[in-house]
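One structure is given below, encoded as structure tokens.
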Amino acid sequence: MIERQSRKVLPQLKEVKSTWMGRRPTLPDSLPVIGKSRKNNNVIYAFGHQHIGWTLGAVTGKIIDSLSKDQLPNIDIGAYSPNRF
């Protein structure tokens, strides 16, 4: 479905020659990691969405946008802290 819809927007796409599905990060508490690195303020993490990254991508993108501008996101992301482990 994603390929079909993509071709409507980007008809110049070439034929798919192979498919690949890499590892998907899954964390022990089933929550994603979203937030700034403790070691490098220029690194913002956003991974581990339990196989539903397509669904959560837009919300995560808004959070990352806020963090990159040193603004508070419009939701509490404390539970997703990279420092929780």
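Structure data summary
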item: Single match in Pro82, Pro28 (criterion: surrounded by 10 or more Cβ atoms within 10 Å (Cβ to Cβ) and assigned to a loop (DSSP other than H, G, I, E, B)); result: Pro82
item: Qualifying residue in segment 53-60 (condition: among the small types (Gly, Ala, Ser), exposed (fewer than 10 other Cβ atoms within 10 Å of the Cβ) and part of a helix (DSSP H, G or I)); result: yes
item: Sole exception among (1) at positive phi; (2) over 13 Å from the mean Cα position of the chain (by Cα); (3) surrounded by 15 or more Cβ atoms within 10 Å (Cβ to Cβ) for Lys36, by number; result: (1)
item: Output for segment 22-38, where each listed residue is among the basic types (Lys, Arg) and modelled with pLDDT of 95 or more; result: Lys36
item: Of the criteria (1) open to solvent by less than 100 Å² (accessible area, probe 1.4 Å); (2) outside any loop (DSSP other than H, G, I, E, B), which one Arg4 fails; result: (1)
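The values are calculated or read from the model by the stated rules, or taken from the named source; none is laboratory data. What you see is a predicted model; the values in this text were computed from it and never measured. So basically every Cβ, Gly included, is an ideal-geometry build from the backbone, and we count neighbours across all protein chains shown. SASA here: full protein model, heavy atoms, side chains in, ligands and nucleic acids out. Shrake-Rupley method; radii C 1.70, N 1.55, O 1.52, S 1.80 Å.
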